[in-house]
1. Using 0.36 nm per residue, how much length does the chain from Ile231 to Glu50 gain when fully extended, once their Cα-Cα distance is taken away?
2. Multiplying the sequence separation of Thr99 and Lys21 by 0.36 nm and subtracting their Cα-Cα distance, what value in nm do you get?
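Read-outs throughout are calculated quantities, based only on the coordinates presented, and are distinct from any laboratory measurement. Because the structure is predicted, anything quoted here is derived from the model rather than measured.
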Amino acid sequence: MDSTNINAVLQQRIALRKKQKEEKLQREKQENINKQQQINAKEYVLLESEQKQLSEDVTKELELIKIEDNWKLNPTTDFANLPTLRRKLITYLHYILITELPDLATKKINIDETKKLQESNYVNENSIPDPVMVYEKSLSLSTEIKKDILPLLVKLQDDTLNSQIMVSLGTLILELQRGDKRDCLQSYLDLSIGKVIWPIGVQNIGIHFKITGKEDERDKANFLKEGDWIIALKSIINMKFLH
């Protein structure tokens, strides 16, 4: 067999192995998709006791968010009591998700779609976005943010969120409630990179964990590993300061 024939045979074998490998990867990918679909298809049915507890919890939260004092942060007192801070953060996040997020998402989608229309050569400046499309997109955005925030709510509810992260989160929420965009974005950056900053005027209140304003650089961590809830918070901040 001459070298030309040998090379041809080798090329065929390489092509065959490549094809077999690709087919195997496709089968594995499809199997994983099928497994995930089966998992998603399984509906968890609440027990009667679980349903009752859930209803009571929801009712309690709806009552709490009606009163501003239950979620409005006080930098003088709330940061001196972590359980109080945690409780207020839970209530305020519920307040945003239930009462504000639908309108914020609708406003964002309206602005985005209006810009698209204005940049198009086929419509005039008075054209408005399709209301049905705006509703569907805003609903999808709201649902995505709620899903991403859920792990944070669970950690707060179970009291498993790192105390330093909770302080940084509280500072961010405080600036969000004050309506200060610059300080809010700075607080978000500090939270993201793991730089623990107390609100102005809050120092030496007895619950520090090596936080004295001179903390070791090695103690800082990148809290983006916490998950999508940090990114979801950024989306909420951006929507809150939309004009």
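1. Values: separation 181, 0.36 × 181 = 65.16 nm, distance 3.07 nm.
Length gained between Ile231 and Glu50: 62.1 nm.
2. Details: separation 78, 0.36 × 78 = 28.08 nm, distance 5.17 nm.
Full-extension gain reported as 22.9 nm.
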